[in-house]
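Notes follow the structure.
Each reported figure results from applying straightforward, stated rules to the coordinates on display, with no laboratory input. Please read all numbers here as calculations on a predicted model, not as lab measurements. Don't worry about glycine lacking a Cβ; one is built from the backbone with ideal geometry, like all the others, and counts go over all protein chains shown.
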Amino acid sequence: MIPYEKFASVYDRLEADRFSVRMAEYTLKILNRFEVEVDEALDLCCGTGTAIKIFSDRGMVMSGLDRSREMLKRTKEKLRGRNIPLYCQELPRFEIREKTMSRAPLRGFGLVTCFYDSLNYLKNERELKAAFRAVYKHLRPGGWFVFDMNTPHALKTIWGSQPPFSGVKDDVAWIFRSEFFRENTTANCYVTLFVKSGRSWKRLDETHTEKGFSDKTIKSLLKDVGLTVRGYYSCLTFEKPTGTTNRICGVVQRPEK
Ligand SMILES: C[S@@+](CC[C@H](N)C(=O)[O-])C[C@H]1O[C@@H](n2cnc3c(N)ncnc32)[C@H](O)[C@@H]1O
């Protein structure tokens, strides 16, 4: 089973969606900084739809995509009454068309976003490049792509060496353990949840695997598919990343021509 199918039931309850609130607000600052007006936007790996709701409140015409049906179920509940198209598709090679016909042209967006290290779930450079290519194809000329990713440093030092953390609320308890694999710069996070179900507790387990990509690789893959890097920051700031940056944010544009 893919990750998040079980976690979905408590994702917002554990306040895991709070980071996307920060990313949405930061993205609005980025758009302001680059003087970008967005009409239609697509949130990739949208999770439970928190960022979509924020952008939609700001007047953007939103769409969302995620491979987890359970996460999309929560998005649908959160966005009830808003008529926002949601697509259950898997990166890297997603396709959103103007109409459901297979030959209809791909939809073009003024902004594509992908928050909370969702791109780190791609297994290798080939997949990351294919995802960037698919983003390019779904951007209108001049359109923007804003994403964040965990750095190899974060996977090594946070996922690789921090002790397990755990917590409990009235109806849910959680334990997160993680380890880093130096040989392929990946890390696993083992999520164990106990969710109250009537008078008993149900145990749910998931393994999340993330891959770390160097700044050089990310920038070169973006360039390879024709995207221009307009900003590359230590995430949530406008500072350049350093060797100890845990999360980067890429601000990328499809050229006008
Ligand atoms: C950490 S959550 C982030 C969710 C949301 N963006 C947020 O900020 O709260 C990662 C999300 O990426 C989705 N995801 C991971 N790999 C994916 C893939 N290859 N294709 C589509 N969705 C993917 C998961 O289902 C999950 O909803």
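Descriptive notes on the structure:
- Counting neighbouring beta carbons within 10 Å and listing from fewest to most, the residues PHE145, PHE238 come out as PHE238, PHE145.
- Shape call, segment 1-152: gyration tensor on alpha carbons, a/c limit 1.5: rounded
- Net +/- balance of residues flanking HIS138 in space, Cβ distance below 13 Å, scoring K and R +1, D and E -1: +3
- Measuring against 24 Å, Cα to Cα, the residue pairs LYS53/LYS257; LYS76/LYS123; LYS76/LYS99; LYS53/LYS169; LYS76/LYS156; LYS53/LYS156 contain LYS53/LYS257; LYS76/LYS123; LYS53/LYS169; LYS76/LYS156; LYS53/LYS156 as the ones spanning a longer distance.
- Oblate is the label for the chain, because a/c, from the alpha-carbon gyration tensor with a ≥ b ≥ c as root eigenvalues, is 1.5 or above and a/b does not exceed b/c.
- Packing here is the average count of other Cβ atoms within 10 Å per residue, and on that basis the peptides 100-111, 54-65, 177-188, highest first, run 54-65, 177-188, 100-111.
- Local charge for LYS123 was computed over the other residues whose Cβ lies under 15 Å away, with Lys and Arg +1 and Asp and Glu -1, and equals -1.
- Cα gyration tensor, segment 64-136 - rounded (a/c under 1.5), prolate or oblate: oblate
- Built amide H within the under 5 Å cut-off of SER178, gap 5+: TYR190
- R0 of 41 Å, Cβ-Cβ distance ARG69-ASN32: FRET efficiency to nearest 0.05: 0.75
- Ordering of 17-23, 190-196 by burial proxy (mean other Cβ atoms within 10 Å per residue, highest first): 17-23, 190-196
- For segment 232-243, putting each phi into the Karplus relation 6.51 cos²θ - 1.76 cosθ + 1.60 with θ = phi - 60° gives couplings of 8, 10, 6, 4, 6, 10, 10, 8, 5, x, 10, x Hz, in residue order, rounded to whole numbers and with x for Gly and Pro.
- Once the Cβ-Cβ distance of LYS76 and LEU204 is raised to the sixth power relative to R0 = 35 Å, the FRET efficiency obtained is 0.95.
- Amide proton proximity set for VAL61, modelled H, under 5 Å, gap of 5+: GLU40, ALA41
- Segment 188-204 - phi-based ³J(HN,Hα) in whole Hz, Karplus 6.51/-1.76/1.60, Gly and Pro as x: 10, 10, 9, 9, 10, 10, 10, 10, 5, 9, x, 9, 10, 10, 10, 8, 10
- Mean separation of Cα contacts under 8 Å, 6 or more apart, over the residue count of the chain: relative contact order %: 17 percent
- Shown in residue order for segment 95-107 are the 3J(HN,Hα) couplings computed by the Karplus curve 6.51 cos²θ - 1.76 cosθ + 1.60 at θ = phi - 60°: 9, 10, 9, 4, 10, 6, 4, 5, 9, 5, x, 5, 6 Hz (x for Gly and Pro).
- Sorting the segments 6-14, 41-49 by their mean number of nearby beta carbons within 10 angstrom, highest to lowest, gives 41-49, 6-14.
- Added length on full extension, which subtracts the Cα-Cα distance from 0.36 nm per residue, ARG230 to CYS88: 48.2 nm
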